[in-house]
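Comments concern the structure below.
The values are calculated or read from the model by the stated rules, or taken from the named source; none is laboratory data. Note that this is a predicted model, so its numbers are computed, not measured. Please note: Cβ atoms are built from the backbone with ideal geometry, for glycine as well, and neighbour counts cover all protein chains shown.
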Amino acid sequence: MAADSRRIREMRARLSKTVVLVGMMGAGKTAVGRALASLLSVPFRDSDVAIEEAANMKIAEIFSRDGEAFFRRKESQVIERLLEGNPGILSTGGGAYMSAENRKMITDKGVAVWLDADLPLLWSRVRHKDTRPLLRTPDPLATLREIYDTRVPVYAQAEIAVTAQPHITVEEMARKVRDALLSRPDVLEMEP
């Protein structure tokens with residue numbers, strides 16, 4: 001196994017489609033996305049960052065000022081723009097994949113990879129953060145559970161699923177995603 005890992009590290013990746021990371025808040029889309037982009041030597045893009053840059057305000061401020069429906073429209077526009085660039089890794093917000101329009105766009109122009117993290121892992125990652133506008137409720141754990149129960153069946157429609165685990169590093173998770181992508185030569189091939 002070590003020889004196979006070393007051989008893969010010495011090869012160059014050729015990404016044919018943008019890999020769109022989807023999943024719940026706290027699943028690791030941004031951290032794993034950056035590590036995966038570095039591992040594959042491809043660009044990393046984050047739709048939430050692009051939205052904040054375009055609006056010149058934080059997502060929580062957009063939600064507060066303009067509402068979720070406005071935010072979701074802007075999110076779709078940004079994802080469409082980011083999918084037009086050279087193939088790379090695209091991290092999306094937790095709700096982005098809930099839109100049928102976004103799912104179709106992602107399927108047509110890229111490949112969706114679901115970072116599948118269970119509820120206890122997600123809660124351990126988000127419970128002390130105040131940057132999650134959807135969790136600004138009297139009972140954030142119950143809210144997270146409700147969101148989780150609603151979204152998981154939709155995330156399960158992603159073409160590839162990679163299970164997140166609490167004991168692995170971001171880099172190990174990035175390698176798990178890369179290995180899953182290698183099963184799809186239409187998306188990723190390793191070249192000597």
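Some values worked out for this structure:
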read-out	value
Leading residue by the ranking (surrounded by the fewest Cβ atoms within 10 Å (Cβ to Cβ)) among those in segment 26-53 that are assigned to a helix (DSSP H, G or I) and out of contact with any helix residue (DSSP H, G or I) (no Cβ under 7 Å at 6 or more places or on another chain)	Glu53
Selection count, segment 35-57, where residues are touching a Ser or Thr at 6+ places or on another chain (Cβ under 8 Å) and either over 21 Å from Ile106 (Cα atoms) or of a type in the set (Lys, Arg) (or both)	1
Long-range neighbours under 8 Å by Cβ, at least six apart or interchain, first residue farther than 30 Å from His128 by Cα and in a loop (DSSP other than H, G, I, E, B) within segment 1-25, second modelled with pLDDT of 50 or more and of a type in the set (Asp, Glu)	Met11/Glu191; Ser16/Asp186; Ser16/Glu189; Lys17/Asp186
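Quick grid of which residues meet (1) farther than 14 Å from Tyr97 by Cα; (2) in contact with a Leu (Cβ under 8 Å, 6 or more places away or on another chain):
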residue: Ile147; (1), (2): no, yes
residue: Ala158; (1), (2): no, no
residue: His167; (1), (2): yes, no
residue: Arg178; (1), (2): yes, yes
residue: Leu181; (1), (2): yes, yes
residue: Arg184; (1), (2): yes, no
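Listed here are the residues, each with its yes/no results for (1) over 25 Å from Pro166 (Cα atoms); (2) in contact with a Gly (Cβ under 9 Å, 6 or more places away or on another chain).
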{"site": "Thr18", "(1), (2)": "yes, yes"}
{"site": "Met24", "(1), (2)": "no, yes"}
{"site": "Ser38", "(1), (2)": "no, no"}
{"site": "Ser41", "(1), (2)": "yes, no"}
{"site": "Glu61", "(1), (2)": "yes, no"}
{"site": "Phe70", "(1), (2)": "yes, no"}
{"site": "Arg73", "(1), (2)": "yes, no"}
{"site": "Gly85", "(1), (2)": "yes, no"}
